[in-house]
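Heads up, the thing below is written out as structure tokens.
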Amino acid sequence: MNATTNSMQESPEKPAASTSQARSKSAVQIQNLSFSYGSTETLKNITLHLDRNAVTAFIGPSGCGKSTLLRCINRMNDEIIGTRITAGKIIVEDIDIHDPSVDVVKLRRDVGMVFQKSNPFPRSIFENVAFGLRMRGIRNKAVIEQSVEESLRAAALWDEVKDRLNESALGLSGGQQQRLCIARTIAVKPLVVLMDEPCSALDPIATAKVEELIWSLKKDYTFVVVTHNMHQASRVSEKTAFFYMGEMIEFGETTKMFTNPAVKRTEDYISGRFG
Amino acid sequence: MVSPNPQSESSGHRFQRRGFSFERAIRFFFASNAGLTIFILLLIIVFLLREGLGFFPGYRRELEVYRIAGLEFVDISRKNLSAHEQVTSLLNRAYQAEINGKCYNELLRSQEASALYSTFSDQVGPTRDLILNNPAAATGGDEGMLAVLRANYEAQRAKALTNLPASPRLSEAERQELIDSLRNRPAEAADEPPLVAKLNAAFAAARQSHAEPLQKFRETIDNFETAGMDLGSIVMEMTESVTATKEALQTADILEKDRKTLLAAAANAKDPIEREKLIADAKAALAEKPDYEGPMATLMEKKPDCLKLHEQLATSVGEIFPSLPGSLTQAKASRYLNAAKSAWPVLIEDLKATPGKINSWTHTDPVPLSAAFISFLTGKSWVTGGEWQDFYGLIPLAVGSLMIAIVALTIAIPVGIGAAIYVNQFAAPREQALVKPVIEFIQAIPSVVLGFLGIMVFGTILREISTLDSLNWIPGFPIDERLNIFTAGCLLALMSVPTIFSLAEDALNNVPAAYAEASEALGASRLQTAFRVMVPAAFSGILAAVLLGLGRVIGETMVVLLVAGNRIKIPDFSEGLGAFFQPSHTLTGIIAQELGEVPLGSVHYRALFVIGITLFVTVLGINATAHHVLTRSKK
């Protein structure tokens, strides 16, 4: 296991259609990434390899850049005016996602995202889950129905909502809404699921359910979870990256980081001395 | 701690309020402002109702006079007469259209030549008149001045000849010939240039030759026209007699009203002498009740004649029908002919039903108040200040307003909402910063100024475009009237686009950004996000925007008054969509146009107030619906 902070791994640039080739162990490779918002540099020279079918947690105090980095991975920052990548690159499934030939819409189909605040559409539960499929032009009713059921089952929501699929999603509780958003994201079978503080608005019971869900889904997906909650990071993740002031301070096995961090500042943060 | 503050002994506890504080005064001031607006709204409603509701009894009395004076009786026959005239006119139009269509080329060539000639004449005309009508010339005097005039004339002529309109249907040689003949033309010449005369003659000859085969059709039309003459003359006779009765009745009504006013004044007068005088005046004003039974009896004497004439006309109309030509070659002519043909059975039907109507009609039938309501709401004509009978029918005005609104919204909805979606969803920030203020600025243009634009630019250009041969397939083209429903609708569209745009854009803005983010994170494209997520989420807001735009369109006065053409008539729907190119009047326009001219308190005056109430209720309803939709969407 390559618990590295600065190792430079030369990854060959390959065209998009390379599914038949042996895939690298890392689903996402972030190489020397620097990112600016206006004139402030919010990410400084980040290098990070995220393992396939594993859960990686990003932790750090507010404003350390962990959410920004997460949003870089599916280029959600494109929509924000004044932001730009100043150096480095992100490679997802062996292609540089900022390559001009990359269609950002197709990228986001493979790199899904769950937001801090649950944001179901003001439609029925069924339509929320079916949305991504419909956007891909899938019309076949049977396919959609099957996929919706699978996704809701995977998100452990099926038993709770199966009798009211046609009711508005806005009538669900906060925890259910967030699980619905996860179901909606995995319904389109992405490779990577980015989660931006998915449990910050949920009560402990709902949080526990979402965490269980992440753990049970990781065999099929690569998860990246941004969290403020140290316990959550230690519970759900296999690897953890600690950010501070736009720099990545430490990256490694979660168990090691929480018991014996290599850097003093990490220890200070984890033990609650600041942040 | 109960010890009171020694300083505040006189005014109770120091926590207690003392006097009228400044803050309360300010609060009271704002509260009264808010109250005032509500008060004014109530005042408007009360005023509208007070002036308007008197309309129905007044109109009922007018309708009663209409009946007892026998005008209604005459109108039974007149209705058939005008139906007959309408068919005659359709046949004549078919005939003319057939001939003109066949010699269309000659017609246009002659028109072009004449246009060249008249443009030339207009430019040199004044100087030419001076030369010809110079008093000095008659006496052979002032040769010098005449020479100057002639030199001017030559210069103007040279200039005019370089400045002639295009003539696509004249050959180059013909045009040159005409220009040469104008160049060499003595100032005194009065006859037309040879080419103009030649083309006119050619046109006349072509008409003549095309009229030959239509000889039989012409005869049929003439027969048909003659058939209605007897009915026409008897209607004319009856008209004269009933008009006199009506006038007598109206004069009596006015006197009676005066008398009541005098009596009311007398009852209020404090001075006994003045009271006596007023009562005496009132007695003097007592008109004798005009006799309407006598004239009615005379009118009824004509009934048998009238019945007989109707039967005759029905028979002859039926006999003439088979002699109509089966079809005509020109599309326009065929359309008129078919319209006449389809009106034919209706005419016969009406003629046959008339005797029954005439027989069952009696002048003693009472006119209930509901008749005034029904006549107002379903009346197909709005006729005022006429010599015959005033009718206050809502339909022609409502149809005009509605058709203009349809045109306006058909244009404004796609433009306004499209612009809103673009600006909100796709535009770059710089485009947004440019487009939004510009669209909203249109709202600031005074509607009178837009009206200018409508008349001078839009109306004229549209009509010019409509005369293009290649656009002949559009229904209603070429447009006869420069000011019509379509022009007004287009301008109103321009005025309601900002309303619809701003509100729709607000509605899209109010959709939580999280929806767009979620949609994009799920791999939806920009277009999919806009139309599958944002627009549905903002739908009720957009609907409210459309409704408020509609309210604006219905309530707008100035532009329609200037541009709609103001013809009080239900558009002729036999032209199909071409009906949108006819002039029309509107609910708002009629008030603005007529309220300044009507006598205060007259039935006509009150009718305008009832129109006002109708408008008020309509716009209130639309706005209330919009408000309802909007509040529902905010939940």
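For the stretch A:23-270, the Cα-based Rg and Dmax, in that order, read 18.0, 56 Å.
The residues of the stretch A:103-121 occluded by other protein chains by 30 Å² or more of accessible area, set against the chain on its own, are A:105, A:108, A:115, A:119, A:121; surface from heavy atoms, 1.4 Å probe. Counting only protein heavy atoms and using a 1.4 Å probe, the accessible area of residue B:520 comes to about 10 Å².
In this simple spin-label model, placing a label point 7 Å from the Cα along the Cα-to-Cβ direction at both residue B:26 and residue B:449 gives a separation of 3.7 nm.
Find the relative contact order for the stretch B:101-200 and round it to a whole percent, using C-alpha pairs within less than 8 Å whose residues are 6+ positions apart. Each step should come with its number before you reach the end.
Numbers: 69 pairs, mean separation 42.5, N = 100.
The value is 43 percent.
Residue by residue along B:446-456, Cβ atoms of other protein chains within 10 Å of the local Cβ number 0 on average.
Interface burial in the stretch B:498-523, defined as at least 30 Å² less accessible area with all protein chains than with the chain alone at a 1.4 Å probe, covers B:515, B:517, B:518, B:520, B:521, B:522, B:523. Remark: relative contact order (chain B) = 16 percent; criterion is Cα-Cα distance under 8 angstrom and separation of 6 or more residues. Surface listing: B:300, A:257, B:236, A:248 arranged by accessible area from highest to lowest gives B:236, B:300, A:248, A:257, probe 1.4 Å. Evaluate E = 1/(1 + (r/R0)^6) for residue B:146 and residue B:471, where r is the Cβ-Cβ distance and R0 equals 41 Å; express this FRET efficiency to the nearest 0.05. Computed FRET efficiency for residue B:146 and residue B:471: 0.20. Quick check: net charge around residue A:196, other residues with Cβ under 11 Å of its Cβ, Lys/Arg +1 and Asp/Glu -1? Once all neighbours under 11 Å are counted, the net charge is +1. Shown here is the pair-distance distribution of the protein assembly as shown: with all Cα-Cα distances grouped in 20 Å bins from zero up to the longest one, the shares run 10, 24, 24, 22, 15, 5, 0 percent.
Given contacts defined as C-alpha pairs under 8 Å and at least six residues apart, what's the relative contact order of the stretch A:23-270, whole-number percent? Could you put the intermediate results ahead of the total?
On the way: 469 pairs, mean separation 68.4, N = 248.
Answer for the stretch A:23-270 is 28 percent.
Per-residue accessible area (protein heavy atoms, 1.4 Å probe) orders A:108, B:463, B:430, B:17 as B:430, B:17, B:463, A:108, starting from the largest. The accessible area of residue B:631, taken with all protein chains in place and a 1.4 Å probe, comes to roughly 70 Å².
With only Lys, Arg, Asp and Glu charged, each at its Cβ (+1 for the first two, -1 for the last two), find how big the charge dipole of the protein assembly as shown is about the Cα centre; round to the nearest 20 debye. Could you put the intermediate results ahead of the total?
On the way: 91 positive and 97 negative charges, 720 e Å.
Dipole about the Cα centre, nearest 20: 3460 debye.
Annotation for the A:B interface, with buried accessible surface near 1700 Å², both sides summed [1.4 Å probe; non-protein components not counted].
Would you mind telling me the share, in percent, of accessible area of the protein assembly as shown contributed by carbon and sulfur at probe 1.4 angstrom? Carbon plus sulfur share of accessible area: 59 percent.
Taking chain A as a Gaussian network of alpha-carbon nodes connected by springs under 10 Å, the highest mean-square fluctuation of the residues A:162, A:141, A:66 belongs to A:141.
Estimated from helical segments only, the mean residue ellipticity of chain A at 222 nm is -9500 deg cm²/dmol, where each DSSP H run of four or more residues counts as -39500 (n - 2.57). Mean-square fluctuations from a GNM of chain A, with a 10 angstrom spring cutoff on Cα atoms, peak among A:118, A:147, A:173 at A:173.
Calculate the FRET efficiency for residue B:624 and residue B:592 from the Cβ-Cβ distance with a Förster distance of 22 Å, rounded to the nearest 0.05.
The calculated FRET efficiency here is 0.35.
Taking the centroid of alpha carbons for each part, the stretch B:530-595 and the stretch B:49-116 are 26 Å apart. Helix A:174-186 and the longest principal axis of the C-alpha atoms of chain A enclose an angle of approximately 80°. Heavy-atom accessible surface of chain B, averaged per residue, reaches 54 Å², computed with a 1.4 Å probe. Put simply, what bits of the stretch A:135-160 lose 30 Å² or more of accessible area when the other protein chains are there, versus the chain on its own (1.4 Å probe)? Those residues are A:135. Could you tell me whether the stretch B:1-124 comes out rounded, prolate or oblate from its Cα gyration tensor? Rule is a ≥ b ≥ c as square roots of the eigenvalues, rounded for a/c under 1.5, then prolate if a/b exceeds b/c, otherwise oblate. Oblate, because a/c is 1.5 or more while a/b does not exceed b/c. Starting from the Cα gyration tensor of chain B, take the square roots of the eigenvalues, sort them a ≥ b ≥ c, and report rounded, prolate or oblate (rounded when a/c is under 1.5, otherwise prolate if a/b is larger than b/c, else oblate). Cα axes put chain B in the oblate bin. Between residue B:131 and residue B:111, with labels modelled 7 Å along Cα→Cβ, what's the label distance in nm to one decimal, could you check? Here the answer is 3.1 nm between the modelled labels.
With the helix formula -39500 (n - 2.57) applied to DSSP H stretches of n ≥ 4, chain B reaches a computed 222 nm mean residue ellipticity of -23500 deg cm²/dmol.
Among A:98, A:49, B:13, the order of accessible area from largest down is B:13, A:98, A:49, computed with a 1.4 Å probe on protein heavy atoms.
The values are calculated or read from the model by the stated rules, or taken from the named source; none is laboratory data. Remember, predicted model here, so these are calculated numbers, not experimental data. Every residue, glycine among them, receives a Cβ derived from its backbone with ideal geometry; neighbour counts consider all protein chains shown. To get the accessible areas, we keep the full protein, side chains included, count just its heavy atoms, and leave off ligands, DNA and RNA. Shrake-Rupley method; radii C 1.70, N 1.55, O 1.52, S 1.80 Å.
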